[in-house]
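Reading through the structure tokens given below for one structure.
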Amino acid sequence: MEVEIQNLRKEYGNTRAVNGISFSFGSGQIFGFIGPNGAGKSTTMRVLATLEEPTSGNATIDGVSVIENPEKAHKYIGYVPDSLPSHRDVTVHEYLDFFARAYNIRGEKRRQTVEGVEEFTNLLGIRDKTLNALSKGMKNRVSIARALVHDPPVLLMDEPAAGLDPRARIELRELLKVLAGQGKAILISSHILSELAEICTGAVIIERGKILRAGTLQEILSRGGKNKHGKAHRTVVLRPLDRIDELLTTLLETPGVEDARIADGSVEADVTGDDEACCALLETIIRAGYRILEYRPRRADLEQIFLDVTRGDVQ
Amino acid sequence: MTAFLARLGDRINPIVVKETRQAVNSRLVAAFLLIFLAVQLVVMLLVITGRELSNPDDMNLRAGRDMFTVVQGILLGACMILIPTMTGARLASERSDVNVDLLFISSLTPRAVLSGKLFAAGALALLIFSACAPFMTFAYVMRGLDVPTILVVLTADYLAVLLGTTFALFLASVPANRGLRILLGLGGFIFMCYLGAGLLALSSEFLRGSSDFDMSSWDFWLGGVGVVGITFGSMGQLFMWSVALISPPAANRAFAVRVYTLGLWIVGGFGFAIWSLYVGHPEPMSVWGLLGCAVFSLQMIVAVCERDHWGARVACRIPRRAYFRPLAFLFYSGAAGGLAFGVIGAAASAVGIVVWYLIVPSTRSSDTSVLALIAALVPAYTYCYCLTAALVRRLLAKSLFRPGYTWIIAGLLFGLGCTVPYIVRFAFLESYSRYGYSDELTPLYVTNPVVMIDDAIRHSDTSIIFTLFFLVVWGGVVTAANAPWFIKQVTKFQPPEPREEKADE
């Protein structure tokens, strides 16, 4: 099952919410959709969920266009919107049963399906409560359960962790891992990057409707970040046997080193350039007579890369 | 039996199940039912006690009829308030952007959603009607009432509730912000009041045994079938509009509406023609023609609010065979096609009246030209205002108004066209007559269709000629100005090239 977004554009009047983005992800992958507010994440999600029509471009799920054939595409998609269910006079069980009926699941199979989903999302204890009486975290779970009722191969989750307490977030994370293990293709947008980094296999960083980075998490992290001038940079950690203060001074005077600081008995240095520049720096330090116990590049985390590549612009 | 019921339960529209569950769970519905029954009981006791106290020796042979009139009045009023309001409000809340899950995420079609809501409302109405049954039975046990009369009145009440609910669903489907929604709700409430009050007046006459309602005559039952037919036809039209309104803009949502409108127009034409031949004069066909003109005029207003381009979803369904395309153009979503459909339909309705008057000569021949003129003027003014609005939007207010809001510009222009002549007259001239204008100043009001149609009815030949001349010029100018927009849509109405060919290129 492959989800493919091809040159997608969405304009609202003069505003380009999504500006020609293309990426793809497949079964068993959890793709993080990252971007500042107003970047175009929710719009892209809504297009994929067949709620919005794009200005141009296409999106396909297993070859079925969500634009030309939304009725068929519906069956492949489980969408968790950023708004939570809040319908009056409906219990959790009735709500899920309604969706099972809507997806044409009949008889005993429907009962089993709804109970299975309730158990999987830990809703059995509150199945007879009305939706209005639920907390945000519980409603969120109901929303996810609803998206799972028809066992879709693709899950689109728009800010599912927003407003959740730490326990609910951990549970959500575990739930997503299990779902990915079941072979579902998951696209999840969130602002909590540290959590995304823990569960995602890939990511798409988007700003002002354009993709800044996309690929597997390994690819994105290995490309490192950029400094404030837009040049590639790396952070390296050096642990000298002695003369740590002298090493710091030397590093600060070395061309190509943007900044250096002492942390936990080591010196961290921000180096302009790629891996070649890091090797050259090590050579320079050893030639200068320093005895180095440990030398390793520190991989940028998702948060750092996000800060490096985005400018925080809104449109 | 259980297995059969379970299978039946599986076949029922999920929306019906959901709505019924919501109604059963709802404290509001429970409270309403209890209050309704209490009111029925108290009113009944008051009527009986009052009657006994005022005339203890009077032998009233119509006590049952009077009691039934009161009971069914309360029933109708209660149902006309609760059911349409509840159904409409629920749809409006589910249609909002924060509640996309029920209507837009599931695989249910808009038609299934609305038919489910209507069916559930019908079931709730039946529940309330049945709750009222003991009171009806009590009224029947008293004198002056028979079972067929009760059934006819209750059927009429039930149909009115269904019509009111369909209207409420239509209003709830209109995309609107909170302010406009409140206004629409108010309009809907006024409509319900009129509908309920009108039906109460009619049913009172019927229960009183008026000679106009003789149940032993064929005329009564034929008239009844006609009214039921018109009610269902109107409900179908409102239903189709509602389905189109909640369908995604990317869908070919005009198709079903236009097919239904055309079907209703043709079937209605046959029905009214038979009626016309039966009564031996052409007036029923005039009603059909005028209704047709009104519906197709409305179609024009809707059409200018439609998009002037086709998304991928509609485009890939445009017929590949060139000879099917002109017909498809009239029925597919799109401003130009909708406008053409409305103009052709309105013209056919107006011509239909004239032709029928030639086939079945009227005993009151003077009405012919007036009705045909009204049938022509209503769509002609609508056409001119709509095309002017489309032009204004594209040239002056493109950034302010999306195509969907062109009706607002048309409404504003219509308002200006109606009021500016009065302002000019009161500011610069000093003439007065019955409607605020005098005959020599009639041309001043030419932009006001109400005045000019009224003038046409009063057989003012000079102003009719002037009005027609003005409309021809106005219509010609806006048609010419909109011609590039129209032609562009006609030429773009083509299916996309097949994918394989693209790949070859």
## Note on the structure
Computed on Cα atoms only, the convex hull of the protein assembly as shown has an orientation-averaged projected area in nm² of 50.4 nm²
### Query
How big is the convex hull of the Cα atoms of segment B:392-495, per residue, in Å³?
140 Å³
### Query
Check A:ASP151: other-chain or 5+ apart residues with amide H under 5 Å from its amide H, H built from backbone geometry?
none
### Task
Classify chain B as rounded, prolate or oblate from the Cα gyration tensor: take a ≥ b ≥ c as the square roots of its eigenvalues, call it rounded if a/c is under 1.5, otherwise prolate when a/b beats b/c and oblate if not.
oblate
### Task
With everything on Cα atoms, drop me the angle between helix B:178-207 and the longest principal axis of chain B, reported from 0 to 90° to the nearest 10.
50 degrees
### Task
Taking every Cα atom in segment A:55-130, find the radius of gyration and the maximum pairwise distance Dmax, and write them in Å.
15.4, 46
### Message
Along the charge dipole of segment B:12-247, pointing to its positive end and built from +1/-1 on Cβ of Lys, Arg, Asp and Glu, which listed residue (B:GLY187, B:SER247, B:THR87) has its Cα farthest out?
### Response
B:SER247
### Query
Once the dipole of the protein assembly as shown is set up with Lys and Arg at +1 and Asp and Glu at -1 on Cβ about the Cα centre, which of A:GLY273, A:THR121, B:VAL295 lies farthest towards its positive end?
B:VAL295
### Task
Rounded to the nearest 10 degrees, what's the angle between the helix B:218-246 long axis and the longest principal axis of chain B, both from Cα atoms, 0 to 90?
60 degrees
### Message
Could you compute how much accessible area chains A and B hide from each other, both sides summed, with a 1.4 Å probe? Nearest 100 Å² is fine.
### Response
2900 Å²
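Which entries of A:LYS41/B:LYS492; A:LYS10/B:LYS398; A:LYS10/A:LYS72; A:LYS10/A:LYS177; A:LYS136/A:LYS177; A:LYS75/A:LYS184 have Cα-Cα distances beyond 20 Å here?
Result: A:LYS41/B:LYS492; A:LYS10/A:LYS72; A:LYS10/A:LYS177; A:LYS136/A:LYS177 exceed 20 Å.
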### Task
Have a look at B:VAL343, B:PHE213, B:PHE426 and report the one farthest towards the positive end of the charge dipole of chain B, computed about the Cα centre with Cβ charges (Lys/Arg +1, Asp/Glu -1).
B:VAL343
### Summary
Helix B:283-304: inclination vs chain B longest Cα principal axis, degrees, rounded to 10, gives 60 degrees
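Report the extension gain between B:THR155 and B:LEU5 in nm, rounded to one decimal, defined as 0.36 nm multiplied by the number of residues separating them, less their alpha carbon distance.
Between B:THR155 and B:LEU5, full extension yields an extra 51.2 nm.
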### Task
Could you look at segment B:1-97 and say what percent of its accessible area is carbon and sulfur, using a 1.4 Å probe and all protein chains?
69 percent
### Message
As a test question: what accessible area, to the nearest 10 Å², does B:PHE329 have when a 1.4 Å probe is rolled over all protein chains in place?
### Response
20 Å²
### Task
Show that you can apply the helix-only estimate: for chain B, add -39,500 (n - 2.57) for every DSSP H stretch of four or more residues, divide by all residues, and state [θ] at 222 nm to the nearest 500.
-26000 deg cm²/dmol
### Delta accessible area of at least 40 Å² on complex formation, residues of segment B:1-50, 1.4 Å probe, chain isolated as reference
B:ASP10, B:PRO14, B:ARG21, B:GLN22, B:ASN25
### Task
Return the lysines within reach of B:LYS18: Cα separation strictly under 16 angstrom, same-chain partners fewer than 8 residues apart disregarded; answer none if there are no such residues.
A:LYS129, B:LYS117
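The values are calculated or read from the model by the stated rules, or taken from the named source; none is laboratory data. Everything quoted here is computed from the prediction, not taken from an experiment. Cβ sites come from the backbone with ideal geometry, for glycine too, and all protein chains shown count toward neighbours. Calculation scope for accessible area: heavy atoms of the full protein, side chains included, ligands and nucleic acids excluded. Shrake-Rupley method; radii C 1.70, N 1.55, O 1.52, S 1.80 Å.
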